[in-house]
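Peer 1: Please read through the structure below; I'll follow up with questions.
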Amino acid sequence: MESNSSSRSSLGGREKKKSGEVLDGSNIMELVGNEEVFSNFVEHKFHELDKDHDGTLSVTELHPAVSDIGSALGLPAPASSPDSHHIHSQILSEFTHGNQEKVSKTEFKKVLSDILIGMAAGFKRDPIVILRIDGEDLLEFINGLSFEPEMISIFSEIESSDQGLSIRDSISKALEKLTVEQGMPPSSDPWVVSNIVEPALLSCDGRDWEKPASQETFLVEFKKAAESVARHLKDQPVIVAHTENTFDGSGIRRLLANKFELDKTLNVALENVPKDRNGKMSKDHLRLVLDLLAPSASLPPVGAIEEMDKAVGDVFKMVNADDGKMVRDDEFKKLLTEILGSIMLQLEGNPISVSSNSVVHEPLASSSTLFQPSS
Ligand SMILES: [Ca+2]
């Protein structure tokens, strides 16, 4: 905690170098919010997409816009993962309403505006900070005052779980423990491993690295290795999308405050629950339905965050939700509302924060021509 906040403040101290570009949706709202600019933008975009100039957009003509939106959301190209393929088809079907073959300019404008507003809201909730990791911060870290104490603590952490490691293995493990704040891209990323870490270690003179590491040899050799990593980052900077999400219950509060929305959301989710002859449902399905409600309540999916699963588990115990009894749908809904309310109170008292760093292989903002309002 301590080291985290201190590196955070040094982050603000140096002009913009580490703070990166923040995607918080404000630029999108600026675009959509200004009727004249947005109309212009739509006009231009539509014209650009309408390759055969028939005044409508066919599904094929829409594809570039859809991948643009996808890449702005940080999705890889449709073919590369079933997940992003799914989202791409969802975006497409927003435009075509699932069956239309052609999309008019009015429709295009309306749907685009809806999608962009939704996207902006998402970025506002969970801003993405784009960091360019080019070795400078890493050099600063290894030449700074905190280098020794932090590396000694990392070394003893490594030693305590894996005794008698070679210098080489200690260095690899230590690199994995460095953070983005210390100038190291996430080494869980295979690209980073094969393009930065491995070549950087190879280019070091590591003749003695098979020997067991002592604290002294580790510090000296690690510094050499990190300098080499920094050189490789200088040649091939890594772009990292950094997000921090805080689950503080506000999403649930919003949902519970809107009776109509809540009812609608519950009814849709309940369609997925099997009913017996008397129309009753088993309480065993509460978790499934809660998971279906998660996006509307700004909750993470079940199983994604251990701390959250624990909080949910406590609430389930509290309201006796695990007894497997059969209940009518109004009772089922009442229980769900109660569960949501209790999770909300828990989160309001103890918000859960998670941060993630993922390597962006195609820069988000610059690869997307969608958000460059052309004049
Ligand atoms: Ca056309």
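The values are calculated or read from the model by the stated rules, or taken from the named source; none is laboratory data. Computed from a predicted model, the values in this text were never measured in an experiment. Glycine gets a Cβ as well: all are built from the backbone with ideal geometry, and neighbour counts include every protein chain shown.
Peer 1: Output the number of residues of the range 322-375 satisfying the condition of being hydroxyl-bearing (Ser, Thr, Tyr), modelled with pLDDT of 90 or more and closer than 15 Å to Ala311 by Cβ. Steps first, please.
Peer 2: First, the residues of the range 322-375 that are hydroxyl-bearing (Ser, Thr, Tyr): 337, 342, 353, 355-356, 358, 366-369, 374-375.
Going one step further and asking which of them are modelled with pLDDT of 90 or more, we end up with 337, 342.
Next, only the ones that are closer than 15 Å to Ala311 by Cβ stay: 342.
So the count comes out to 1.
Peer 1: Right, something else. Could you list, in sequence order, the residues of the range 315-336 that are within 16 Å of Gln346 (Cβ to Cβ) and surrounded by 13 or more Cβ atoms within 10 Å (Cβ to Cβ)?
Peer 2: Within the range 315-336, Val315, Phe316, Val319, Ala321, Leu336 meet the criteria.
Peer 1: Moving to a separate point now. Could you look through the range 120-153, keep only residues that are without any contact (Cβ under 8 Å) to a residue 24 or more places away in the chain and closer than 18 Å to Ser170 by Cα, and pick out the one that is surrounded by the fewest Cβ atoms within 10 Å (Cβ to Cβ)?
Peer 2: Residue satisfying both the conditions and the ranking: Pro149.
Peer 1: Among the residues that make up the range 15-27, is at least one of them more than 16 Å from the ligand (Cβ to nearest atom), loosely packed, with under 13 Cβ neighbours inside 10 Å and at pLDDT 80 or above?
Peer 2: Within the range 15-27 (the criterion being more than 16 Å from the ligand (Cβ to nearest atom), loosely packed, with under 13 Cβ neighbours inside 10 Å and at pLDDT 80 or above), the answer is no, since none of the residues qualifies.
Peer 1: Tell me, which helices (runs of 4 or more DSSP H) wholly within the range 82-159 include 1 or more residues that are touching a Cys at 6+ places or on another chain (Cβ under 9 Å) and modelled with pLDDT under 90?
Peer 2: Correct list: empty, since no element meets the threshold.
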